[in-house]
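Just so it is clear, none of the values below were taken in a lab; they were calculated from the coordinates. Please read these numbers as outputs of a predicted model, since none were measured by experiment. Cβ: placed from backbone, ideal geometry, glycine included. Neighbour counts: every protein chain shown.
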Amino acid sequence: MPNEFTFVSLFAGIGGFDKGLERAGWECEGQVEIDEHATKVLEKHWPEVLRFRDVRECGKHNLPQVDLICGGVPCQPVSRAGKHKAQADERWLWPEFTRIVCGLKPRWVLAENVEGLLSVNSGRAFGEILRDLANCGYHVTWQVLSARAFGAPHLRRRVFLVANRDSERIKGFWQKEIQRLPEFSWCKNVRGIKGLRNRSDIPEPLIRRTNNGISRRMDAIGNAVIPGIIQWIGERMIELDSCVNDES
């Protein structure tokens with residue numbers, strides 16, 4: 001029986017989205033990643049998955065029809081560590097992400113980026129993203145989440161954008177779980193630090209440049225998200241799909 005919760009991972013990196021979504025019950029149908037090292041990691045862990053290298057060469061003509069498109073769009077154009085060129089930066093690949101979304105029209109869209117996305121170019125860059133998704137028929141919600149809220153020993157605050165073509169699936173998307181995280185104490189399915197409650201003084205990992213939930217032997221900076229965050233978002237999507245279907 002085919003899985004009704006399938007996804008394509010754009011800008012897949014080393015598979016943080018993919019790992020988290022699979023834990024939540026989703027099945028990966030395709031990956032797009034241009035970095036050679038990251039691609040080798042994906043090939044090792046997802047050997048049977050359809051894979052492409054350049055997002056600019058992908059679209060409805062070669063990607064499978066799925067229920068979710070996700071991706072960590074390159075952050076250099078909006079990162080506070082960069083020059084904040086936003087749309088003027090050649091690495092601004094949000095139009096490619098949106099183009100693929102508009103072509104495939106999945107039920108769900110999930111994207112991640114640094115906090116600078118919200119303010120760069122006086123907010124006009126983020127406004128452009130919202131406008132383009134709205135023009136494709138999507139209702140959008142977003143939230144800044146910290147890795148520490150999901151059990152990691154570091155902050156790593158990131159913007160998570162969720163979109164759906166049905167407004168009922170978006171209403172209150174974040175509210176239920178955010179209310180459970182006032183002290184950053186949630187650590188469901190996160191290895192290594194279960195049982196801890198006060199994380200305000202926890203040091204960074206012994207080996208730097210790593211994400212909680214991914215091997216410490218792997219340099220993950222810029223190439224992954226926290227799988228635990230993606231897992232919760234994926235579970236929330238399935239939950240909302242089930243609720244709306246039950247009511248219809």
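The mean sequence distance of close C-alpha pairs (under 8 Å, at least 6 residues apart), as a share of the length of the stretch 1-89, puts its relative contact order at 34 percent. A crude spin-label estimate for the pair Lys60 and Ser242, with each label 7 Å from Cα along the Cβ direction, gives 3.3 nm.
For the stretch 1-137, the convex hull drawn through the C-alpha positions has a volume of 112 cubic angstrom per residue.
The Cβ shell under 15 Å around Ile34 holds other residues with a net charge of -3, Lys and Arg each +1, Asp and Glu each -1. Rounded to the nearest whole Hz, the Karplus-based 3J(HN,Hα) values (6.51 cos²θ - 1.76 cosθ + 1.60, θ = phi - 60°) of the stretch 59-76 follow the sequence x, 4, 6, 9, 9, x, 6, 9, 8, 8, 10, 10, x, x, 4, x, 9, 3, with x at glycine and proline.
Could you compute the net charge surrounding Cys70? Neighbours are other residues with a C-beta less than 9 Å from the C-beta of Cys70; K and R count +1, D and E count -1. Net charge around Cys70: -2.
Extension gain, Arg131 to Lys44: 0.36 nm times the residue separation minus the Cα-Cα distance gives 27.6 nm. Amide H contacts for Val73 (H built 1.01 Å from N in the peptide plane; partners 5 or more residues away or on another chain; cut-off under 5 Å): Glu112. Extension gain, Ala81-Ser119: 0.36 nm per intervening residue step, less the Cα-Cα distance, totals 12.3 nm.
Can you give me the C-alpha center-to-center distance between the stretch 1-23 and the stretch 89-159, rounded to a whole angstrom? Cα centroid of the stretch 1-23 versus Cα centroid of the stretch 89-159: 17 Å apart.
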